[in-house]
Amino acid sequence: MRYAQPLLEIDVIIAGAVMLAGIALLLLWRQRRLHRALIRQESKLAEERGRRELAEQALGDTRLQVARLGASQQSLRDAERRRIARDLHDDMGQHLLAMSFDIAALAQRHATLAQPLAQVEARVQAASRALRTIVRDLQPEQLESGLQGAVQQQLEQFSRLSGIPCRLEAEPAAFSIPADERMDAVVFRVLQESLSNIARHAQASEVCIGLCRVADGLSLTVRDNGVGLPDPPARRGCGLRGIAQRVAEAGGRFDISSQPGHGTALTMSFPLQ
């Protein structure tokens, strides 16, 4: 009997040790299982990140190709506009000038036709003015003096016609960039459309134009203190769609900041070649 108690205690200890070993083995098994599950999950996440990176890279490449295609199409359109403007100026301009000479000669030979011929001459002169306007719109004469001169002339003309003061804040570096006819034309057209929108919709009393060099690009900001845009759907109108399209075709970025009653700021960034 005196050996029974120690043996019982030994059995209890052994049983406890076996139980602890079993629990330890169970915990170890569960830990390894969890570890393998985590490894599989991390592998799946890595694969997903890889697929996402490939998709983002493909999307970036597609956007770059679209931007390049848009820029190429814009270059072709600009070249075609210049050709049409040149043909109109050279051909139609010469024909209208010849008509004026013919009318003057007829008026000298036939005094009785002086009044009706004067009316015809007035129509010819009106056609000549319309032709000059079309040629100027197709190929802005302002850009012949460079982007800086074109911007200054446009702002002066806008203030004179609209009565709205327009201030230019431009860094010297913005105009020290090597001339790029295509990009200069895009910046100038976007500025024209932005000012036209302000004159029609903004009810502004002041406009500020900002031009600065940013990284490898040019940033144009057109800010007014007008009524602002009421809500996001309205921002797709007011002529902004055409501006956004021009900027996108040039490979640039277009952002709008506006609150009702607090004016509007259009920010456009253009990449430089």
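The values are calculated or read from the model by the stated rules, or taken from the named source; none is laboratory data. Not measured: the values here are computed from a predicted model. Cβ atoms come from the backbone with ideal geometry, glycine included; neighbour counts cover every protein chain shown.
Quickly run through segment 141-181 and pick out the residues that are in contact with an Asp or Glu (Cβ under 8 Å, 6 or more places away or on another chain), surrounded by 16 or more Cβ atoms within 10 Å (Cβ to Cβ) and assigned to a helix (DSSP H, G or I). If the condition is that a residue be in contact with an Asp or Glu (Cβ under 8 Å, 6 or more places away or on another chain), surrounded by 16 or more Cβ atoms within 10 Å (Cβ to Cβ) and assigned to a helix (DSSP H, G or I), then Leu143, Leu147, Ala150 are the ones that fit. Show the residue pairs meeting these rules: Cβ distance below 6 Å; 6+ apart or different chains; first residue within segment 44-67 and surrounded by 10 or more Cβ atoms within 10 Å (Cβ to Cβ); second residue at pLDDT 70 or above. Cβ pairs passing all conditions: Ala67/Gly251. Residues that are at pLDDT below 80 and surrounded by 15 or more Cβ atoms within 10 Å (Cβ to Cβ) within segment 212-252 comprise Arg235, Cys238, listed in sequence order. Screening Glu193 against (1) of a type outside the set (S, T, N, Q); (2) surrounded by 15 or more Cβ atoms within 10 Å (Cβ to Cβ); (3) more than 18 Å from the chain's Cα centre (by Cα) leaves a single unmet condition, (3).
For segment 192-216, filtered to residues that are in contact with a helix residue (DSSP H, G or I) (Cβ under 6 Å, 6 or more places away or on another chain) and part of a helix (DSSP H, G or I), the residue that is farthest from Ile256 (Cα to Cα) is Ala199. Here the condition is being within 20 Å of Leu229 (Cβ to Cβ), touching a residue at least 60 places away in the same chain (Cβ under 8 Å) and not acidic (Asp, Glu); of Val207, Val190, Val151, Val186, it holds for Val190 alone. Going by the conditions given, is Ala114 surrounded by fewer than 16 Cβ atoms within 10 Å (Cβ to Cβ) and among the hydrophobic types (A, V, I, L, M, F, W, C)? Considered against the rule, which asks whether it is surrounded by fewer than 16 Cβ atoms within 10 Å (Cβ to Cβ) and among the hydrophobic types (A, V, I, L, M, F, W, C), Ala114 comes out as yes. When the residues of segment 196-211 are filtered to those that are crowded, with 20+ Cβ neighbours inside 10 Å and closer than 19 Å to Phe270 by Cβ, the one that is modelled with the lowest pLDDT is Asn197.
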